[in-house]
1. Going through the DSSP H helices of the chain, which span 20 Å or more along their own axis at the Cα atoms while scoring at least 1.0 as a mean Kyte-Doolittle hydropathy?
2. Heavy-atom accessible area per residue, the range 341-493, 1.4 Å probe: how many Å²?
3. Once fully extended, how much extra length lies between L27 and N455, figured as 0.36 nm per residue of separation less the alpha-carbon to alpha-carbon distance?
4. May I ask for the distance between the Cα centers of the range 352-380 and the range 447-485, given as a whole number of Å?
5. I need to check one value: relative contact order of the range 87-182, counting alpha carbon pairs closer than 8 Å and at least 6 residues apart, in percent.
6. What is the percent carbon and sulfur in the accessible area of the chain, measuring with a 1.4 Å probe over the protein chains and ignoring ligands?
7. Apply the a/c threshold of 1.5 to the C-alpha gyration tensor of the range 286-375 and tell me whether it is rounded, prolate or oblate.
8. On the Cα set of the chain, report Rg and Dmax in Å, please.
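The values are calculated or read from the model by the stated rules, or taken from the named source; none is laboratory data. Computed from a predicted model, the values in this text were never measured in an experiment. The protein model used for the area step is the full one, side chains on, heavy atoms only, and it has no ligands, DNA or RNA in it. Shrake-Rupley method; radii C 1.70, N 1.55, O 1.52, S 1.80 Å.
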Amino acid sequence: MARAKTRKLKKKAPPKPWAMWTAFVVLGAVIVRLAVNALGLVPIHFDEAQYWAYGHEMAAGHFSKPPLVGWLILIATELGGDTTFALRIWTVVSHAVVATLIFLTGRALFDGRTGFWAAVGYSIAPGVSVSAMIMSTDPVMMMFWAVALYAWVRAAEAKSPRLWWALLGVALGAAMLAKYTALAFAGGMIGYGLLSLRTWDWRGAAIVAAAAVLVFSPNLIWQIENSFRTVAHVAEDAAPGGDLFNPGKFAEFFGAQFGVIGPIWFAAMLAALWTRPSWVDDWRMRLLAWQTFPLLIIITALSLTTRAHANWAAPAYIAGSILAAHWLLSRKWGKALKWQSIFGVTGATAVFTMAVIYGTMGLDLPRGPDPFKKMRISEPFCEPALAAMGEEGADVLLSTDRRRLSECMFLGGLTFDQISVWNPALNPKNHHEMVATLWPGDHRRMVLAIMGDANAGQQIAKHFEQAQQIETAAFPTHVDRQYTYTLWAVEGFRDYRLGR
């Protein structure tokens, strides 16, 4: 009797739980970052102190910034108190949302594996780890940028995309309320629509525009009421100063990008741009490219002609992370994905370690290696200045430096009514000067706090009817650096010109 031949069937491997793995990575990053921030090792930065002050002003706009970040900080600090932990909670949350949406967008465009590695590559990038330790406008803006990107991808394939177009518009408007760089997202959409799409969805574009303008309208109205001060400021800030060709600054900015998003990710994006002919027929890659390379190229060009901070190109790395992950996976370069993770963990660990070392024994160490060296002035400067206000019965803290004023506002819980800026030009160059310039005839009692040359304080004191020097002292921030300051009690400001 012949034996029946049996065919062994291969069992199909179960699908990998990419969503669950992504959740573990994102939640793990959140827990670590919250724990680091809870230690309070990183002093207040003048920018985040400034945003805290903006929030308490509850305005619809400011001299150089839109209002959303200040509003969110106000909510967080009202609930959690005026601590750096509460102040920075939104940056941790924002980066977690960005990573989650990177996964969802990568999965929608390609597959779960691409989404997972894109989210991991972004989550543990050195620049993201540092950003999560300081509150700034970038994370909040990027959170809504990521929402807009996901909504755009879903709208591109939905049978009835109107809700997705509306969500895209709302997210774009909210992103612009956080930082005006979000306009680059709209520019990428327009570029893709005009140059990469065969047909343009005019109805969808109208929904996006209407929703974005509606959400952004509070700041738009503020700009109209204030003669578009922010637009003028941004134009002045971006205007070339000095040489129009700065190869050193270009090299510094370009090199910094390998640290911001990680060397493997940035190299993969550049390689993807170089190999454009191999993927130009794929609409998904073209969409990602339009949200990555235009902004990156523009900011890089700015670094060559004027100046550019390393974080200015950060929004490009939302779509860029998906593009880099897909480009590497399509070439079966799995080891590169792991190396991105290794570099990211190593970089984050190094920064956390330095924060612990300098936060506990910084006075015994040199200033150079300290990643937060510029932030160690605030407490030793503001503590005596704020104490002097109480001792002298002063209503106002006066200074020439808005950075120190911002830090003292946060540390002392002061409002813009309780500070004043020495501004002889009477021509505001920042928000503090716009709302708190010292005007002739101000008779309030003040503490004048000056960093550096004691003679500067003496010269300013001559402009008051009453002036008495309180203290001249110095404080160290590191073993090789100390700063001097002078405090005066002044009252009865006459004029910026002596003799009046």
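1. Correct list, ordered by number: 18-38, 89-109, 162-178, 202-225, 316-330.
2. With all protein chains present, the range 341-493 gives 44 Å² per residue.
3. Full-extension gain reported as 148.8 nm.
4. 23 Å
5. About 30 percent, as a whole number.
6. 62 percent
7. Oblate is the answer for the range 286-375, as a/c is 1.5 or above yet b/c matches or exceeds a/b.
8. Every Cα atom of the chain included, Rg and Dmax give 26.1, 124 Å.
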